[in-house]
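All of the numbers you see were taken from the coordinates with simple rules; none came from a lab. Computed from a predicted structure; not experimentally measured. Cβ placement follows ideal geometry from the backbone for every residue including glycine, while neighbour counts extend to all protein chains displayed.
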Amino acid sequence: MKIYNSPEEIPIPETLTGRVAIKLHMGDKENRTFLKPGEVRPIFNKLKGMGCEPFLFDTTTLYKRERYTPEGYLEVAKLHGFGEFPVVIARDDRVKWVESGGLKIPLPEQLLEANSLLVLSHATGHIITKFAGAIKNMAMGCVTKEGKALIHGFARPTYYREKCLLCGTCVKACNMNLIRLERDRISINMKDCPGCGACARACPNGALEITEESIRESFNAFGAAARAVVSQFPPERVFFITVLKRITELCDCAKDGGKLISPDLGFIAGKNPLELDLEAARLIREKNPKALDWERWEWFVEASKKYF
Ligand code: SF4
Ligand code: SF4
């Protein structure tokens, strides 16, 4: 797969027409490694030059930080320099439910009103999928809050009360403050839990577990959701660009993406999101074989192959 040094070099298919939604994660308020306006502008301008009406598109978060509401997200988008572009942050009040992989996936109508979709993804690590690229960008980023909760819901921790020492280690391990130590057990706010697994890794007695089965089910839901998104557009009107720059161990939802796991590698583009994800992961792995948990990533690939 060809690697481009700059976004200007990427050949965008002439088959993208009309209103083009550029699916872009514009970064957590405190994140510093998200894709920058200067990396988006050449793509945006090229689409305009083709006679299209491009706009940046994203959805709100499941967790309650600045991007939880469309208004809050628009403020973050401005803060991060995207004020020069038309930006649509979907409201969850108009939803189309799409069947995919045996699941019902809720997609915001504001995305489906576009004529074409350009998925612009930042290659990073990820707490659950380990590598995040085009499929994660669609699965998490093009569905409503209900969809995000559905996908994450498969991989939440299982609690074994009989093994619990009531030590409180898991309470400290949860960055999202979802665990409380009660008198004779812990309680977890499962509704907001993305299944990161930090509590299970920290527990000294195996009282919390995110099972392989549940992770695989979650990965199946990622694939099903991404397929649901692309199924709503004619194939010739969907295109993918992945940026391999500032590749951090965590995704752009993180306040701090963590350490860089690879040098900058450039841009890749194509029509198949799994091919792009495989190539991006291969390039990163080539530079840093220990960058990520590649075994877990292989599970993700296995699940995605059913859909792409
Ligand atoms: S998996 Fe555990 S540590 Fe991670 S968010 Fe859920 S409760 Fe918190
Ligand atoms: S870390 Fe494990 S043993 Fe300690 S309170 Fe949490 S679940 Fe119980």
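Observations, loosely collected:
- In the chain, the longest principal axis of the Cα atoms and the axis of helix 37-49 are about 40 degrees apart.
- Cα-centre dipole for the chain with unit charges at Cβ (Lys and Arg positive, Asp and Glu negative), debye to 20: 440
- Set of region 123-165 residues, backbone N closer than 12 Å to the point 7 Å along the Cα-Cβ line of Lys191: none
- From the C-alpha gyration tensor of region 98-248, square roots of 5λ in Å: 34, 16, 12
- The magnitude of the dipole of region 156-209, with charges of +1 and -1 set on the Cβ of Lys/Arg and Asp/Glu and taken from the Cα centre, is near 40 debye.
- A quarter of the convex hull surface defined by the alpha-carbon atoms of region 105-191 gives 7.3 nm² as the mean projection.
- Hydrodynamic radius (Kirkwood) for region 266-308, which is based on Cα pairs only, to one decimal in Å: 11.1
- Per-residue ellipticity at 222 nm from helix content only, as computed over the chain with -39500 (n - 2.57) for each DSSP H run of at least four residues, stands at -9500 deg cm²/dmol.
- Using only the C-alpha atoms, the convex hull of the chain corresponds to 124 Å³ per residue.
- Each of Leu62, Val229, Tyr4 was scored by the projection of its Cα onto the charge dipole of the chain, and the greatest displacement toward the positive side belongs to Leu62; charges sit on the C-beta of Lys, Arg, Asp and Glu.
- Projected onto planes of every orientation and averaged, the convex hull of the alpha-carbon atoms in region 1-140 covers 9.5 nm².
- Antiparallel content of DSSP bridges confined to region 1-156, in %, to 5: 45
- Descending principal axes extents, region 156-209, alpha-carbon based, whole Å: 24, 20, 17
- The peptide list 283-290, 167-174, put in order of mean Cβ contacts within 10 Å with the highest first, becomes 167-174, 283-290.
- The ellipsoid that matches the Cα gyration tensor of region 48-113 has semi-axes, each √(5λ) in whole angstrom, of 24, 19, 8, with the longest given first.
- Dimensionless Rg/Rh of region 238-280 - Kirkwood Rh, Rg from C-alpha atoms: 1.02
- The spread of Cα positions in region 11-83, taken along each principal axis and listed from longest to shortest, comes to 39, 20, 17 Å.
- Annotation: peptides 100-113, 202-215, ranked by per-residue average of other Cβ atoms within 10 Å with the highest first, follow the order 100-113, 202-215.
- Computed Rg/Rh of region 206-308, alpha carbon atoms with Kirkwood Rh: 0.99
- Bridge type composition, the chain - antiparallel percent by DSSP, nearest 5: 55
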